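Structure first, then comments.
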Amino acid sequence: MNSPVEPLHRALGLTDSELGDIRGVLARDPNALELALYGVMWSEHCSYKSSRIHLKRLPTKAEHVLVGPGENAGVIDAGDGIAVAIRIESHNHPSAIEPYQGAATGVGGILRDVFTMGARPLVVMDPLFFGELDDARQRWLVEGVVSGISGYGNSVGVPTVGGELTFDTCYASNPLVNVLCAGALPVERLVLGVASGVGNLAVLLGSTTGRDGIGGVSVLASAGFAGDDGAASLDDAKRPSVQVGDPYEEKRLIEACLELLDRGLVVGIQDLGGAGIVCATSETAARGGVGMDVDVSAIPLREPGMAPYEIMTSESQERMLAIITPENWSAVEALCAKWEVRASVIGRVVAPVVLEDGRSVGMLRVRDGFDGEVLAEVPASSLADEAPLYDRPRRRPEDLDDIRDDDPSLDEPVGSPNDDLLDLLIDPAWVYRQYDSQLFLNTVVGPGRDAALLRLAGPGLPASQRGFAISTDSNPRWCALDPRVGIALTIAESVANLACVGASAKAVVNCLNFGNPEHPEVMWQLSETVDGMSEACDALGLPVIGGNVSLYNESGGNDIDPTPVVGLLGIVDQLVAPPPGWAWRDGDTVVLVGEREAPGERTFPLGGSRWATLRGRRGGRISDFDPSRIVPVIDFVVGEVASVCAARASDVSAVHDVGGGGLAVALSEMAASTALGVLIEPSITHAELFSEFPGRFVMATSDFEAFEARAGSVRLTRLGTVGGGRLVIGALIDLSVEQIVTRRSGALEAALNALG
Amino acid sequence: MKRFGVVIFPGSNCEYDAALGVTQLGAEAEFVWHSDTDLSRFDGIILPGGFAHGDYLRPGALARFSPVMKAVAHFALEGGPVLGICNGFQVLTEAGLLAGALQKNRGLTFLSHDTTLIVASTRSVLTSEATIGQELVVPINHFSGAYTCDDATYESLVANEQVILRYRDNPNGSRGDVAGICNETRNVVGLMPHPERAMSTLLGSADGLVLMSSFVSAGIAVG
């Protein structure tokens, strides 16, 4: 128990200086409820107070961007009258405590962000990071998180089409559960979370409000609060602050909200996520420049005796806030009744207050009864937008140079490359077999490949032959060695993944998972990451249209490796035939497309490679980021694959990005998908076998001369001819395809079923 | 033009896909809310996949009490074709319109992947246009898909050719590799795999076409 003398504001996670700021805003002392509202809204999670000054440096504009960062989701114009909304978030801390519900409610939350924009959620992807599986707790986390995503996503009816699965000791105490959702809408249905029209009603849709998730965004659940306003006993306050999800409620909520939007019955709509009602009401009011009265007594509760601060900050799931005109209330009520979705008028839009200095300020007023006692009254924008911004100290880690000098690229090869290669093979099918990846009949390329590819179609959308592709990528191994270049290479890798399904990259969303921002090294990593991301996005012509920052991923004073995750959205103009997969055909020529050598100090860098990590080597140099070498290669591959998608005649039978594990793993994965091997003819060194840097593809063609002619100045290296049952690379690798298949398909299950 | 009713329970989620499955074949589809009680305007009824009423208690256990199910039973009794896909199959067994029950998969995990089905009988509204022994690649997507029934029921299903589809490589522990069955009058069919997900080579398989086309034609090749 905390000391009983701890001042209330500190128990709520506010610093003394933040209390001073609040006094300045209000020109008086805040009461306990008002402090609680600031406590959640000014939390790191809601306010981005440590990262916002850095995030401003990201490029966010492009002609096709309809909605950039700051809204519930980013939106681009995908053509044919269709817009695509996309968003990524983290649900790291809840998943560490309660993996099933943490992951499940992560899915629920991201779906609401997307359908809030008027978009029907069409796909979910889940980048997951755990500790090594030689530990029973990690296996419990993996199984819980995967079944939570499966249980919620499958039930709510949105296909899960991919993600990432990373195991590294740095996540042992801090698993990362990120979730991306994309949806589509007719362009004209685009709506924003804005309250407007004095006299309009604020309607709460969906679940009742309970005590689950209180203080999920801050440190509310601690001593010091009991007593002051008779709010809660300590026992109540200690309840788990992980929310509980109900996908069936969410499914009805999706259908009801999309029908409300289709019928033009709402003025604005906003989901309830972190910080619950206070966040939704203050954000919509602030965006609209209006005030809002909220009647806490009108909010349907799940349990009796809840105090106003609990009601206002509860993170109960499956709720939405709609702003409607009073004339539409009966129609809204009837529509919601049909979908068996609860709808309650809980507030109304009020005119801003004009201050003595002439400024007009929209006030959020919490009342007990519509015209009842005012329990709290604060400027809505002060909660939503005016948290203090911090430029926290940054420092390059002192040991970074030593770590980078400890470079495995310079090692003499040891051990057996055959064994190393087998150890690097892992098929995530155990995970994605548990996900419904096909709902809505759009999935052309599902989980387990370079990127997911779907038809751009769905209920209520105009007809289109376009497709959209999504890839989520991260490389904490690179980013630990050089966060600036590491994220740039990661983005290039992601663009390359999209190219493998014929898609041109159009937009980026990011989820920045870092350690404790009060550690100057972590702030340095974050700042470098933002700069590297900006450089890569500028060079590749990509706008960042949304993001999420997850800080304090530390345990026992140890921060996770910097783990910026990007989600890239690409478009295929004509998708009428599936792109080539990994399955090459007997007799085809196997070609390495792109420069063989990496730009930078090392020809074949092994720093930050999966091979080096396997060998326990975490130091070294990574490749430089050189867009002038990468872009022409990617453009060529996009053109080749898009041509297949458009059902034009093509000699290309297979394509795969050279990614994690390097050339050896890419060739193995291709061999495994047809049970046909290849004898690699050029001499390949040990370092080239396992080196990782973006801009290289393995492709197979039935007509190498024609392929070469189209490639123009893009460098091609003829690797060999498909045939036989073995993968042979010089004197280094000689494996039967059966060995590769068996090891790859069984690796994850074997690790999960290991005793211990 | 033939018109098919696609029943939506709270928690259904394959309703749009089921509707596409018949509209792609030139028929009309109309959503029917689970509280509706009149199905007389339809030429066929589909109970789509999903998790009706949250699958609380067990899949289909609550859905059988939805008002629409009385109408479905009446429609079936009149000889109207009724197709239950995945959760719809579970609902039909719970409602007593099809024999047996679906229990949790052998491996106790959700399974979503392609399976190869073997047509075991063409005497049903779902398989009339297929041929015996025909292999069809159709995906499954379920947690509770292991078909089970008592010995007498199983023997009678086999003897009456009511087992219409079997798995080539049993993924979930279903008794006798059963993937789909029909009732004695062959107008009510249920299967765990999703034929509506296998109607386009762009999406991986068009093998479900023969099944959906049989159903839309509803050409009952009875005895």
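All of A:GLY587, A:GLY557 fail the test of being at positive phi, over 29 Å from the mean Cα position of the chain (by Cα) and either of a type outside the set (Lys, Arg) or more than 14 Å from every other protein chain (Cβ to nearest Cβ) (or both), apart from A:GLY587. Of the strands (runs of 3 or more DSSP E) lying entirely inside segment A:655-756, not one is found with 2 or more residues being in contact with a helix residue (DSSP H, G or I) (Cβ under 9 Å, 6 or more places away or on another chain) and within 30 Å of A:ALA136 (Cβ to Cβ). Of all the listed residues (A:THR166, A:THR116, A:THR160), the sole one being away from chain B (no Cβ under 14 Å), in contact (Cβ under 8 Å) with a residue 60 or more places away in the chain and under 14 Å from A:VAL431 (Cα atoms) is A:THR166.
Yes/no matrix, rows are residues, columns are (1) open to solvent by 30 Å² or more (accessible area, probe 1.4 Å); (2) in contact with a helix residue (DSSP H, G or I) (Cβ under 6 Å, 6 or more places away or on another chain); (3) part of a helix (DSSP H, G or I):
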residue: A:GLU6; (1), (2), (3): yes, no, no
residue: A:GLY13; (1), (2), (3): yes, yes, no
residue: A:SER17; (1), (2), (3): yes, no, yes
residue: A:ILE22; (1), (2), (3): no, yes, yes
residue: A:TYR38; (1), (2), (3): no, yes, yes
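Tell me, please, whether a residue that is at pLDDT 95 or above, outside any loop (DSSP other than H, G, I, E, B), among the polar types (S, T, N, Q) and open to solvent by 10 Å² or more (accessible area, probe 1.4 Å) can be found in segment A:500-512. Scanning segment A:500-512 turns up at least one residue that is at pLDDT 95 or above, outside any loop (DSSP other than H, G, I, E, B), among the polar types (S, T, N, Q) and open to solvent by 10 Å² or more (accessible area, probe 1.4 Å). Has segment A:464-474 got at least one residue that is open to solvent by 10 Å² or more (accessible area, probe 1.4 Å), within 13 Å of another protein chain (Cβ to nearest Cβ), in contact (Cβ under 8 Å) with a residue 24 or more places away in the chain and in contact with a Pro (Cβ under 8 Å, 6 or more places away or on another chain)? No, the conditions are met nowhere in segment A:464-474.
Checking each residue in segment A:286-329 for being charged (D, E, K, R), over 24 Å from A:ARG252 (Cβ atoms) and open to solvent by less than 30 Å² (accessible area, probe 1.4 Å) picks out A:ASP293, A:ASP295, A:GLU310. Residue count for segment A:68-103, restricted to those that are open to solvent by 10 Å² or more (accessible area, probe 1.4 Å), over 16 Å from the mean Cα position of the chain (by Cα) and at pLDDT 95 or above: 4.
Looking across segment B:11-32, the residues that are open to solvent by 10 Å² or more (accessible area, probe 1.4 Å), touching a helix residue (DSSP H, G or I) at 6+ places or on another chain (Cβ under 7 Å) and within 10 Å of chain A (Cβ to nearest Cβ) come down to B:TYR16, B:LEU20. Here's a check for you: in segment B:45-64, which residue that is on the phi < 0 side of the Ramachandran plot and surrounded by 24 or more Cβ atoms within 10 Å (Cβ to Cβ) is nearest to the other protein chains (Cβ to nearest Cβ)? Only one residue tops the list, namely B:PHE51. Annotation: of all residues in segment A:346-362 being open to solvent by less than 30 Å² (accessible area, probe 1.4 Å) and assigned to a strand (DSSP E or B), the one that is nearest to B:GLY11 (Cα to Cα) is A:ILE346. Among residues of segment A:536-579 being acidic (Asp, Glu) and more than 24 Å from A:ALA451 (Cα to Cα), the one that is modelled with the lowest pLDDT is A:GLU554. Taken over segment B:33-58, the criterion of being modelled with pLDDT of 95 or more, under 27 Å from B:PHE110 (Cβ atoms) and outside any loop (DSSP other than H, G, I, E, B) is satisfied by B:ILE45, B:ILE46, B:LEU47. Within segment A:243-280, the residues that satisfy the criterion of being of a type in the set (D, E, K, R) and either within 14 Å of another protein chain (Cβ to nearest Cβ) or farther than 23 Å from A:LEU364 by Cβ (or both) are A:ASP246, A:GLU249, A:GLU250, A:LYS251, A:ARG252, A:GLU255, A:GLU259, A:ASP262, A:ARG263. Screening B:SER144 against (1) more than 14 Å from chain A (Cβ to nearest Cβ); (2) open to solvent by 10 Å² or more (accessible area, probe 1.4 Å); (3) hydroxyl-bearing (Ser, Thr, Tyr) leaves a single unmet condition, (1). On inspection, B:GLU94 qualifies as acidic (Asp, Glu) and open to solvent by less than 50 Å² (accessible area, probe 1.4 Å). Of the candidates A:LEU735, A:LEU679, A:LEU727, A:LEU719, the single residue that is of a type in the set (A, V, I, L, M), open to solvent by 20 Å² or more (accessible area, probe 1.4 Å) and more than 32 Å from the chain's Cα centre (by Cα) is A:LEU679. Here segment A:376-418 is the region considered, the condition is being more than 30 Å from A:ILE560 (Cβ to Cβ), out of contact with any helix residue (DSSP H, G or I) (no Cβ under 8 Å at 6 or more places or on another chain) and part of a loop (DSSP other than H, G, I, E, B), and the residue that is modelled with the lowest pLDDT is A:GLU412.
Here is a check on your reading of the model: is A:GLY197 within 14 Å of chain B (Cβ to nearest Cβ) and more than 20 Å from the chain's Cα centre (by Cα)? Spelling it out, it is not the case that A:GLY197 is within 14 Å of chain B (Cβ to nearest Cβ) and more than 20 Å from the chain's Cα centre (by Cα). Of all residues in segment B:186-206, one or more are modelled with pLDDT of 95 or more, farther than 18 Å from B:PHE89 by Cα and in contact with a Gly (Cβ under 8 Å, 6 or more places away or on another chain). Answer with yes or no whether B:ARG123 is away from chain A (no Cβ under 14 Å), in a loop (DSSP other than H, G, I, E, B) and not hydroxyl-bearing (Ser, Thr, Tyr). Yes; evaluated as a whole, the condition is true for this residue. Taken over segment A:427-444, the criterion of being on the phi < 0 side of the Ramachandran plot and either at the interface with chain B (Cβ under 7 Å from one of its Cβ atoms) or part of a strand (DSSP E or B) (or both) is satisfied by A:ARG433, A:GLN434, A:TYR435, A:ASP436, A:SER437, A:GLN438, A:LEU439, A:THR443, A:VAL444. With respect to B:SER112, is the statement that it is of a type in the set (Ser, Thr, Tyr), buried (at least 24 other Cβ atoms within 10 Å of the Cβ) and within 12 Å of chain A (Cβ to nearest Cβ) true? So B:SER112 passes the test. A search for C-beta distances below 7 Å between a residue of segment A:1-24 that is farther than 18 Å from A:GLU377 by Cα and any residue that is modelled with pLDDT under 90 and outside any loop (DSSP other than H, G, I, E, B), counting only pairs 6+ apart in sequence or on different chains, returns A:ASN2/A:ALA11.
For segment A:132-139, indicate whether the set of residues that are over 27 Å from B:ASP17 (Cβ atoms), more than 14 Å from chain B (Cβ to nearest Cβ) and touching a Pro at 6+ places or on another chain (Cβ under 9 Å) is non-empty. Scanning segment A:132-139 turns up at least one residue that is over 27 Å from B:ASP17 (Cβ atoms), more than 14 Å from chain B (Cβ to nearest Cβ) and touching a Pro at 6+ places or on another chain (Cβ under 9 Å). Of everything in segment A:441-456 that is open to solvent by 10 Å² or more (accessible area, probe 1.4 Å) and touching a residue at least 24 places away in the same chain (Cβ under 8 Å), the residue that is farthest from A:ILE560 (Cα to Cα) is A:ARG455.
The values are calculated or read from the model by the stated rules, or taken from the named source; none is laboratory data. Every value quoted in this text rests on a predicted model; they were computed, and no experiment measured them. Counting neighbours? That spans all protein chains shown, and the Cβs are built from the backbone with ideal geometry, glycine included. Heads up: the accessible areas ignore ligands, DNA and RNA and are worked out on the full protein's heavy atoms, side chains in. Shrake-Rupley method; radii C 1.70, N 1.55, O 1.52, S 1.80 Å.
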